[in-house]
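So the structure is just underneath, and the comments pick up after that.
Just so it is clear, none of the values below were taken in a lab; they were calculated from the coordinates. The model shown is predicted, which means the values in this text are computed figures rather than measured ones. So basically every Cβ, Gly included, is an ideal-geometry build from the backbone, and we count neighbours across all protein chains shown.
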Amino acid sequence: MRTTLLLLSAALSLTNVSAQQVQKCCGSSNSTFLLGHQGYVRHSQSLYLPSDLMNATDGMIERLYFRYGSTGNADGVTLTDLMFRIGQTASASFANGNEFFTDLDTVMSSPAYTIPPGIEGEWFGVDLDEPFAYSAGSTLVLDILFDTSTNNSFGTLGSSNTGRKLYNVDQTATTGNPGSSTWQDFGFDLAMPTGVAERSATTLRVVPNPTDGPLRVYLGGSSAGTLVLLDASGRVVQLVRTAAAQIVEMDLSDLPSGVYALDHMDDEGKLAVTRLVRH
């Protein structure tokens, strides 16, 4: 009975993960004008209309995603004083075509943030410090600020910019240049509801994510329990029995690329859920 409950709750949680993977995809234009070139773009702002995003639904945004470009991806990049801000508006365009939106919520800030090397076209994620309450019926404003970059050639992929993006090297400027040719691909995760008692998301952490196969799962302060890994169809592909507060080594090398859900139900009946990506 307990095993049945565990597998059922895990399958349900994966269904929520799959349904809440929101993204604008997939362009082939590479640009360093987002998270790369400090000499041109230390401030950018992009608009994503409801019609731009697949699988958009209301919820709390917890993680952002971008796609590695064709330049600088093999080296990664470290950005200083990186800040992500998010807001929403009823407008479908920038005022006068070049005015930055203001009164945005700061959802992530870091004195030095490293994006590791990656493969062109693959997604990389940025975890937020503060979740953002997203409404699927309004335009999302994504604002990015940074001071310095270790890799001016670090690119991200996207499609043609048709008035959806502004940039400026001056972080304090109220207007931006609409001339960037690329409007970056973008995605985000929303908070996942569960039908059982849920632990804080910080008690289940996966490193690295995305992974090429090997990974470590940090269980935090949980009691003993069972880890369940499910693929996008809800099929259980791995089961691991865990001890209390254990660090678990797992290997997904034999599994195909894709999105997976990882659930941990401890012996007290508490469930923690996270999502991971296998390159």
For the chain, what does the helix formula give at 222 nm: sum of -39500 (n - 2.57) over DSSP H segments with n ≥ 4, over the residue count, nearest 500 deg cm²/dmol?
-2000 deg cm²/dmol
Give, in whole angstrom and from largest to smallest, the semi-axes √(5λ) of the equivalent ellipsoid of segment 41-150, with λ running over the eigenvalues of the Cα gyration tensor.
24, 16, 14
Note down the relative contact order for the chain as a percent, whole number, built from C-alpha pairs under 8 angstrom at least six residues apart.
25
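Rank by packing, highest mean first: peptides 28-38, 254-264, with packing defined as the count of other Cβ atoms within 10 Å averaged across residues.
Values: 28-38: 21.8, 254-264: 17.8.
Highest-to-lowest ranking by the protection proxy: 28-38, 254-264.
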Can you give me the long-range amide H partners of Gln88? Hydrogens built in the peptide plane at 1.01 Å from N, cutoff under 5 Å, separation of 5 or more residues or another chain.
Val141
Which residues' amide hydrogens lie under 5 Å from the amide hydrogen of Thr148, considering only partners 5 or more residues apart or on another chain, with H built in the peptide plane?
Thr80
Per the Cauchy relation, a quarter of the hull surface: what is the mean projected area of the convex hull of the alpha carbons in the chain, in nm²?
14.1
Distance between segment 83-144 and segment 210-279 - C-alpha centres, whole angstrom:
28
C-alpha long axis of helix 2-19 to longest principal axis of the chain, angle in °
10
Take every Cα pair under 8 Å in segment 13-124 that's 6+ residues apart, average their separations, divide by the length, and report that relative contact order as a whole percent.
30
Once you have the Kirkwood Rh of segment 102-260 from its Cα pairs, apply Stokes-Einstein at 25 °C and 0.890 mPa s and quote D in µm²/s.
127
Relative contact order, percent, segment 210-279 [alpha-carbon distance under 8 Å, six or more residues apart]
39
Where does each of Ile61, Ile247, Ile144 land when they are ranked from fewest to most other beta-carbon atoms within 10 angstrom?
Ile247, Ile61, Ile144
